[in-house]
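The values are calculated or read from the model by the stated rules, or taken from the named source; none is laboratory data. These figures come from a predicted structure and were not determined experimentally. We place every Cβ from the backbone using ideal geometry, glycine too, and count neighbours over all the protein chains shown.
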Amino acid sequence: MKALILVGGYGTRLRPLTLSYPKPLVEFCNKPMVFHQIEALAAVGVNEVVLAVSYQPQAMQDFLESEQQKLGIKITCSRETEPLGTAGPIKLAESLLNDGEPFFVLNSDIICDYPFQKMLDFHRKHGGIGTILVTQVEEPSKYGVVLFDKDGKIERFVEKPPKFVGNRINAGAYLFHPVILRKLLLRATSIEKEVFPELAAEGLLYAVELDSFWADIGQPKDYLTGMCLYLSNIRNKEPENIMYGPEFIGNVLVDPSAKIGQNCRLGPDCVIGRDCIVEDGVRLIRTTLLPGTRVKSHSWISDSIIGWQCTIGEWVRIENNTVLGEDVSVSDEIYVNGASVLPHKNVTTDIPDPTILM
């Protein structure tokens, strides 16, 4: 069984992190984003994953080739030379996917408790061409709503409805019979807006509901929201991976190689990556430290993502969805409020208002 992951383009929504690495290789909760999906696919018998990639394809291929054995799955890149939307990449990879078996298609920046076995079981029963994973949201007006009957057969889609018509939305994970490949064209096409409505009109598209957390983690604010949801899920399912002790508050995930100083207060909702150093008296709240970062003593970081190999000085305060790119240095006693700082910069003066530091 195979799967296609729509890796996408430049990852502009997650800059400055994606200036250093392709978005699927940016760590989320101490694991490259795409690994969460690949491991879940392998667990239900998928033996080959195709990555539909248009940005830094060689970087993706080189990294993933070294990880294939560890993941226990074959990984192939299908390269787009021009943007093909969300349906075109499936058609482009037709020769890799068309082996007579159903195949998964995933958006690369969704995180959830992937119910792939549930999708498979339901897909084999309903006899349609496609199965869409849907999730419930509080504000459906921001999304495209999926309307379906009691058997899961999708009746129609309503894009950003001004009035309430339902609260189930497309969760970005699909399972298709290979016959769908005949309905796709090798051009820039939206599978959500151009293909799905036609399949629904023919009664060939079904929905299966997600019964756990879900988040689109493609931009910093949502990345942090997804981090909190993921950590809560880990506490329920793998409590041994959550840190316990007087310095940890709530859900905190720490790589075994990280070093934590004395009298720190970490959490709730923090992730500390590989080879990070957190010195004495540091306070972290709702924050991710990516690998190799050092936070010096008595600094305070909240609601932020600190990139790879950064150095945060003593008595620094960082907050309000700040994102530091790779190898950023922040001097002692600096205040940073809601900034996006590009890689390899030195922050030597306060940033009191949200801005982009080029």
* Any residue at all in the range 185-192 that is in contact with a helix residue (DSSP H, G or I) (Cβ under 6 Å, 6 or more places away or on another chain), small (Gly, Ala, Ser) and farther than 18 Å from VAL134 by Cα? -> yes
* To do: Test THR76 against the criterion of being in a loop (DSSP other than H, G, I, E, B) and either of a type in the set (S, T, N, Q) or under 19 Å from PHE213 (Cα atoms) (or both), and give yes or no.
  => no
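Can you confirm whether the range 193-209 contains a residue that is among the aromatic types (Phe, Trp, Tyr) and closer than 25 Å to PHE28 by Cβ?
We begin by selecting, within the range 193-209, every residue among the aromatic types (Phe, Trp, Tyr); these are 196, 206.
Right, trim to closer than 25 Å to PHE28 by Cβ and you get none.
No: zero hits.
Scan the range 89-104 and give yes if some residue there is in contact with a Cys (Cβ under 8 Å, 6 or more places away or on another chain), closer than 24 Å to ILE191 by Cβ and in a helix (DSSP H, G or I), otherwise no. Lay out the reasoning, then the answer.
Taking the range 89-104 as the starting set, the residues that turn out to be in contact with a Cys (Cβ under 8 Å, 6 or more places away or on another chain) are none.
No, that holds for no residue.
Residues of the range 200-217 being part of a loop (DSSP other than H, G, I, E, B) and buried (at least 22 other Cβ atoms within 10 Å of the Cβ), which ones?
Matches in the range 200-217: ILE217 only.
Restricting attention to the range 242-284, report how many residues are aromatic (Phe, Trp, Tyr) and farther than 19 Å from ASP303 by Cβ.
Initial filter on the range 242-284 (aromatic (Phe, Trp, Tyr)): 244, 248.
Right, trim to farther than 19 Å from ASP303 by Cβ and you get 244.
The total comes to 1.
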* Structure fact -> When restricted to GLU27, GLU39, the only residue within 18 Å of LYS70 (Cβ to Cβ) and under 13 Å from the mean Cα position of the chain (by Cα) is GLU27
* Asked: Taking ARG124, is it outside any loop (DSSP other than H, G, I, E, B) and under 30 Å from LYS237 (Cα atoms)?
  -> yes
* Structure fact -> In the range 152-185, anything at pLDDT below 90 and part of a loop (DSSP other than H, G, I, E, B) is listed as LYS160, PRO161, PRO162, LYS163, PHE164, VAL165, GLY166, ASN167, LEU184, LEU185
* **The one condition in (1) in contact (Cβ under 8 Å) with a residue 40 or more places away in the chain; (2) closer than 30 Å to THR322 by Cβ; (3) buried (at least 17 other Cβ atoms within 10 Å of the Cβ) that LYS221 fails to fulfil** => (3)
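Could you pull out the residue among VAL271, VAL252, VAL278 that is aliphatic (A, V, I, L, M) and more than 25 Å from the chain's Cα centre (by Cα)?
Result: VAL278 is the single residue among VAL271, VAL252, VAL278 that is aliphatic (A, V, I, L, M) and more than 25 Å from the chain's Cα centre (by Cα).
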* Structure fact -> Residues of the range 124-147 being under 23 Å from ASP216 (Cβ atoms) and surrounded by fewer than 21 Cβ atoms within 10 Å (Cβ to Cβ), in sequence order, are GLN136, VAL137, GLU138, GLU139, PRO140, SER141, LYS142, TYR143, GLY144, LEU147
